[in-house]
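Everything on this sheet refers to the single structure shown next.
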Amino acid sequence: MKNITSDYTFATHYTSIDNLEIAYIKEGKGKQTIVFIHGLSSNADAWSRNIENLKDKYTCVALDLPGFGKSSKVAPAYTPTYYADIVVKLIDKLKLKNVIVAGHSMGGQAAIKLALKHPEKLKKLILIAPAGIEEFNAQQALLMKNAVTADMVSKTTDEQIDRNYQLNFFKLPEEAQTMISDRKRIKQAADFPEYCDAIVKSIAGMLDEPTHAELNLIAVKTLVVFGENDNLIPNRYLNPNLTTNLIGGIAQEKIKNSTLHFVSESGHFVQFEKPTEVNRIITTWLE
């Protein structure tokens, strides 16, 4: 039993990168290509409500990062830099042109690393509720690492999974039930221990590779979008004096050529909760 993930909204394709199986979605035939990078404990289908609209104008490619979804669950690293390198190799392998990279949450931090390390690979950058803007000191980082263990992830109850997903939204959309059900079913998968390991190592990877000090080095035109009611960024426990508005302001101030949008009545998973608004923001900005 390789995985217990339900079918995605769009057909899944597979390719091999560095001896890993990488699953991805590819829809549309536009001259510009948007490459979507999902967040922690998520997968390519998290972008389905954006792709179904944006594929009319753009080529849309969304991958499952190693460790998640239908891709190989074991990888040599689980860091934003490693994920950025995997995305670059996918861009090269699929011979994608006129690339815009869009990242959500953890995928946003990977997208930042991609823009910093491989600026020649993308024309523009889209950051949706990105990790990597908020700053954590060494003590805070250690607290977060110690708080999340593979054993803890493996023992997450169905009730806790429901609560965790509720935290991602201002108002949980009915369409989110599929991803919630998937997360519960993963517990029965043969590779569930590897999934738990990927979660823990990805959190450590984000903390070990902060990007906040490098934001001013991003050279490409950048769009930043946050839900006004994001409960996850900033971390309310570790940084009680910060707000989502302040984090967005930091991004806008530090990223030279950036545009900032807040979407009302929406949480951390803003692109899934308010796809019409986010798709409009993206399309208008790209035009």
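The values are calculated or read from the model by the stated rules, or taken from the named source; none is laboratory data. Remember, predicted model here, so these are calculated numbers, not experimental data. Here Cβ is always computed from backbone atoms with ideal geometry, including for glycine, and neighbour counts include all displayed protein chains. Ligands, DNA and RNA are excluded from the accessible area calculation, which covers all protein heavy atoms including side chains. Shrake-Rupley method; radii C 1.70, N 1.55, O 1.52, S 1.80 Å.
Top mean-square fluctuation among 233, 51, 91, Gaussian network model of the chain, C-alpha springs under 10 Å? Maximum among the listed residues: 91. Listed by chain and number, the aspartates and glutamates whose alpha-carbon sits under 18 Å from that of residue 274, ignoring those within fewer than 8 places in the same chain, are 45, 52, 174, 175, 228, 230, 265. The distance separating the Cα centre of segment 55-88 from that of segment 224-287 comes to 22 Å.
Could you pull out the chymotrypsin sites (Phe, Trp or Tyr not before Pro) across segment 129-193 that fall in loop regions by DSSP (anything but H, G, I, E, B) with no more than 12 other Cβ atoms inside 10 Å?
Details: sites: 136, 165, 169, 170; in loops: 136, 169, 170.
For chymotrypsin sites (Phe, Trp or Tyr not before Pro) across segment 129-193 that sit outside H, G, I, E and B with at most 12 neighbouring Cβ atoms in 10 Å, the list is empty.
Taking a straight Cα-Cα cut-off under 23 Å and skipping sequence neighbours fewer than 8 places away in the same chain, the lysines within cross-link reach of residue 31 are 55, 57, 89, 93, 95, 97, 121, 123, 124, 221.
How high is the relative contact order of the chain? Use alpha-carbon pairs under 8 Å, at least six apart in sequence, and give a whole percent.
Details: 563 pairs, mean separation 58.2, N = 287.
Worked out over the chain, it gives 20 percent.
What part of the accessible area of the chain, given as a whole %, is carbon or sulfur when the probe is 1.4 angstrom? Carbon and sulfur atoms account for 50 percent of the accessible area of the chain.
Within the straight-line cut-off of under 14 Å between alpha carbons, the aspartates and glutamates reachable from residue 113 are 85, 208, 209, 214, sequence neighbours fewer than 8 places apart in one chain being disregarded.
Lysine pair count for segment 139-193 with Cα-Cα distance under 23 Å and sequence separation of 8 or more or different chains is 5. Of the residues 81, 137, 170, the one whose Cα sits farthest toward the positive end of the charge dipole of the chain, with +1 on the Cβ of Lys and Arg and -1 on the Cβ of Asp and Glu, is 81.
Note on the chain: GNM, Cα springs under 10 Å; of 255, 126, 37, the largest mean-square fluctuation is that of 255. In the context of the full set of protein chains, the chain has a per residue accessible area of 44 Å² (1.4 Å probe).
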